[in-house]
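Trainee: Below: one structure in structure tokens.
The values are calculated or read from the model by the stated rules, or taken from the named source; none is laboratory data. Since the model is a prediction, treat every value here as computed from it, not as a measurement. Quick reminder, even Gly has a Cβ in these numbers, built from the backbone with ideal geometry, and neighbours come from all protein chains shown. Calculation scope for accessible area: heavy atoms of the full protein, side chains included, ligands and nucleic acids excluded. Shrake-Rupley method; radii C 1.70, N 1.55, O 1.52, S 1.80 Å.
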Amino acid sequence: MKIAVCVSHVPDTATKIKINSEGKSIDPIGVTFVVNPYDEYAIEEALKTKEKFGGEVFAISVGGEANKETIRKALAMGADNGILLKDNNERDSFAVAKALAEEIKLIGCELVFMGKQSVDYDNSITGQLTAEMLGYSCITTVVDLEIDNQKVIAEREIEGGREVVESELPVVITAQKGLNEPRYASLKGIMAAKKKVIEEKPAFSVENVSEIIKMYSPPAKNPGRILGTDSSAVPELVRLLREEAKVI
Amino acid sequence: MSKKILVFLEQREGKIKKSSFEAVSLASKLAAENGFEKEIVTIGDAIENLTEAAKYGIESIRHFKNNDLANYSPSAYTEILSNYIKENSIDIVLFSNTSLGRDLAPRVSINSECGIIVDCTNLTALNGDFVATRPVYAGKAFIEIKLNTQRKIFTLRPNVFTAALDQKAKNANITTVVVNSPNVKTRVANFKKSEGKLDVAEAEIIVSGGRGMKGPENFKMIEELAESLNAAVGASRAVVDAGWRPHGEQVGQTGKTVSPSLYIACGISGAIQHMAGMSSAKYIVAINKDKEAPIFSIADYGIAGDLFEVVPALVTEIKKLKS
Ligand SMILES: Cc1cc2nc3c(=O)[nH]c(=O)nc-3n(C[C@H](O)[C@H](O)[C@H](O)COP(=O)(O)OP(=O)(O)OC[C@H]3O[C@@H](n4cnc5c(N)ncnc54)[C@H](O)[C@@H]3O)c2cc1C
Ligand SMILES: Nc1ncnc2c1ncn2[C@@H]1O[C@H](COP(=O)(O)O)[C@@H](O)[C@H]1O
């Protein structure tokens, strides 16, 4: 079975965000980029599935040269092939999905893993978009997965519980935390990954459908009041919540 | 010809969600300001509170109905909505940004040739164009963004737009459309409810506990405070990773993003990833014994003391108030 795992290269979640001088995106200087946290679950699930059914795992990323670092991480964990679909311009989810869909079609993957969300633009839509472009089924925010022949049964996390979803291959699965415990890359894996050649080709050419007009920092919040250091402050707290905030 | 704005009403277990009415209300407002025609579509089996939509200013509702549509089916719902949008030349479609909305809207966007912007916290029509505002980088920044496509889909963050009653509202005219053999290739076979009563993503008030709780047994206190306020219980990642609380309760960048009217953080330091998920709460209360804890930098009210003394006192005070 040919398995794709799509990985995005994002600012570390601990990063403080600075807006660049154009006011349309962030200033990347001094920012550490990492594998999107949810994509680690996707990589792990792709590897587990390969270990069970046999096959080949293709780690694919759309973006600039720097994304190779993230691809390399997937290779170190155990992916067989790395592909960079190169575009130095910022793409929206639609344009990313188009590039991914074209490549997945070309390779002929019938199982595709993605993260449920990329922690940069927090879109949570690339999996669904890619699946629809390919005519594949898609199950999102998956925390439990079973594949049996052509049948797929997954549990997805939603408000107040879990939905059990039944579907068929080919399918795109987007991974939520809880799906598995991502493995650490072994030293051997890291060494092997260094030797692997990452295939590089231009991303399928397509226009973005959206356009960012401006990016700005959220209005700073005034730090509030410390009402006290023990339970004697509780009556005042309750009074403020009731009379000033009017929330209880 | 005037533009057509469509709202998708989401039901679960035969009840339309409150956040769908927020979308209806926004559609009514946009329609009134710009002379758009509004339409409403819902999909499901029997739906008990469908007529409620009328109160928010909608006169007619189209209900696509079948037994097999009671539960969500991504394939069937996508097909029904996409066809409706194309056949009726809809210009703008609003969804609520719930887990269903977020799952469904992008699928519909591809099949009905719409551009899509998710998780909007504001949406305005300007000279025939639409400008959406939304948080990115987990709320550490915001963008204003627009679509270059003819047709446009927007999903709206729940609890941000108000469901305002329309004074002139008439009764809603409900048209039932029976769907023959819907395409349920992908479908929800079962729903496993979690034991907690309220989900953080939908709660008006959230009481969260962090590592300062010292152990899972002490969350009884948090549960009691939550119950007295009719609130949901939330947690920091530290306590979820420790196995004290289920992941469904995790608030933050890799948990849930919440915008309740009140968020009470007990024994939570306020790491950047935690604050990313709750900084848009209308009011924030922090209880932490370390007065330097970062959580105080975004809290409206704080008590810099021992939660084991403060929280029980708070429970007592709230119970007094409610009785
Ligand atoms: C990729 C990534 C993603 C992450 N995503 C998330 C996320 O989604 N959500 C999240 O929450 N975190 C997330 N984190 C983790 C985050 O960085 C913090 O580690 C975590 O939020 C800390 O949890 P805490 O505040 O409960 O614990 P701590 O930081 O240990 O804070 C405990 C607090 O309790 C206080 N305290 C102790 N005893 C008492 C007492 N008796 N009375 C009152 N106060 C007391 C202490 O003063 C302290 O401030 C993420 C981290 C990474 C790397
Ligand atoms: N540039 C990209 N290259 C490869 N995969 C991506 C890219 N952007 C997003 N993805 C995948 O899509 C998932 C959801 O991203 P998003 O819809 O942007 O939140 C991510 O977790 C990745 O698996």
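Trainee: Just one of the numbered conditions (1) within 11 Å of chain B (Cβ to nearest Cβ); (2) out of contact with any Ser or Thr (no Cβ under 8 Å at 6 or more places or on another chain); (3) more than 20 Å from A:ASP92 (Cα to Cα); (4) not in a strand (DSSP E or B) is not true of A:ASN208; which one?
Mentor: Result: A:ASN208 fails condition (3) only.
Trainee: Does at least one position in region B:216-234 carry a residue that is within 9 Å of another protein chain (Cβ to nearest Cβ), more than 16 Å from ligand 2 (Cβ to nearest atom) and among the hydroxyl-bearing types (Ser, Thr, Tyr)?
Mentor: no
Trainee: Quick one: would you say B:ASN218 is modelled with pLDDT of 95 or more and either farther than 23 Å from B:SER259 by Cα or part of a strand (DSSP E or B) (or both)?
Mentor: Criteria met by B:ASN218.
Trainee: So in region A:160-190, with the set limited to residues that are more than 13 Å from A:ILE43 (Cβ to Cβ) and of a type in the set (A, V, I, L, M), which one is most open to solvent (accessible area, probe 1.4 Å)?
Mentor: Ranking the candidates gives A:LEU187 first.
Trainee: Follow-up question, since we're still on this one. Consider B:SER194 against the criteria (1) in the same structural domain as B:SER60 (by TED's automatic domain parsing); (2) under 20 Å from the mean Cα position of the chain (by Cα): it satisfies all of them except one. Which criterion is unmet?
Mentor: Among (1) in the same structural domain as B:SER60 (by TED's automatic domain parsing); (2) under 20 Å from the mean Cα position of the chain (by Cα), B:SER194 violates only (1).
Trainee: Follow-up. Looking at region A:218-248 only, could you name the residues that are touching a Leu at 6+ places or on another chain (Cβ under 6 Å) and either farther than 13 Å from B:ALA286 by Cβ or not in a helix (DSSP H, G or I) (or both)?
Mentor: Listed by number, the residues that qualify are A:LEU227, A:VAL234, A:GLU236, A:VAL247, A:ILE248.
Trainee: As an exercise: evaluate A:ASN67 against (1) more than 12 Å from ligand 2 (Cβ to nearest atom); (2) open to solvent by 10 Å² or more (accessible area, probe 1.4 Å) and give the number of the one condition it does not meet.
Mentor: A:ASN67 satisfies every listed condition except (1).
Here's the yes/no breakdown for (1) touching a residue at least 40 places away in the same chain (Cβ under 8 Å); (2) out of contact with any helix residue (DSSP H, G or I) (no Cβ under 6 Å at 6 or more places or on another chain); (3) surrounded by 22 or more Cβ atoms within 10 Å (Cβ to Cβ):
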{"position": "B:SER19", "(1), (2), (3)": "yes, yes, yes"}
{"position": "B:ASN49", "(1), (2), (3)": "no, yes, no"}
{"position": "B:GLY57", "(1), (2), (3)": "yes, no, yes"}
{"position": "B:SER60", "(1), (2), (3)": "yes, yes, no"}
{"position": "B:SER75", "(1), (2), (3)": "yes, yes, no"}
{"position": "B:SER82", "(1), (2), (3)": "no, no, no"}
{"position": "B:LYS86", "(1), (2), (3)": "no, yes, no"}
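Trainee: In region B:286-309, which residues are without any contact (Cβ under 8 Å) to a residue 24 or more places away in the chain and either facing chain A (nearest Cβ under 7 Å) or open to solvent by 60 Å² or more (accessible area, probe 1.4 Å) (or both)?
Mentor: B:ASP290, B:LYS291, B:GLU292, B:ASP300, B:TYR301, B:GLY302, B:ILE303, B:ALA304, B:GLY305, B:ASP306, B:GLU309
Trainee: Hand me the list of strands (runs of 3 or more DSSP E) wholly inside region A:122-202 holding 1 or more residues that are among the acidic types (Asp, Glu).
Mentor: Per the criteria, A:137-148, A:151-158, A:161-168, A:198-202.
Trainee: What number goes with the only condition from (1) at the interface with chain B (Cβ under 7 Å from one of its Cβ atoms); (2) at pLDDT 95 or above; (3) open to solvent by 20 Å² or more (accessible area, probe 1.4 Å) that A:GLU157 does not pass?
Mentor: Looking at each condition in turn, A:GLU157 falls short on (2).
Trainee: Regarding A:VAL57, is this residue away from ligand 2 (no atom under 12 Å from the Cβ) and modelled with pLDDT of 95 or more?
Mentor: For A:VAL57, the condition - away from ligand 2 (no atom under 12 Å from the Cβ) and modelled with pLDDT of 95 or more - is met.
Trainee: Also, I was wondering about something else. May I ask you to list the residues in region B:97-135 that are more than 10 Å from every other protein chain (Cβ to nearest Cβ) and open to solvent by less than 10 Å² (accessible area, probe 1.4 Å)?
Mentor: B:GLY101, B:SER112, B:CYS120, B:LEU123, B:PHE130
Trainee: If we scan region B:55-75, do we find a residue that is β-branched (Val, Ile, Thr), under 18 Å from the mean Cα position of the chain (by Cα) and assigned by TED's automatic domain parsing to the domain that holds B:THR155?
Mentor: Checking region B:55-75: not a single residue is β-branched (Val, Ile, Thr), under 18 Å from the mean Cα position of the chain (by Cα) and assigned by TED's automatic domain parsing to the domain that holds B:THR155.
Trainee: Among the residues of region A:97-131, which ones are free of Cβ contacts under 8 Å to residues at least 60 places away in the same chain and among the hydroxyl-bearing types (Ser, Thr, Tyr)?
Mentor: Listed by number, the residues that qualify are A:TYR121, A:SER124.
Trainee: Quick one: count up the residues across region B:272-323 that are of a type outside the set (Ser, Thr, Tyr), in contact with an Asp or Glu (Cβ under 6 Å, 6 or more places away or on another chain) and within 19 Å of B:VAL251 (Cα to Cα).
Mentor: 1
Trainee: Please tell me if B:LYS282 is modelled with pLDDT of 95 or more, within 11 Å of chain A (Cβ to nearest Cβ) and open to solvent by 50 Å² or more (accessible area, probe 1.4 Å).
Mentor: no
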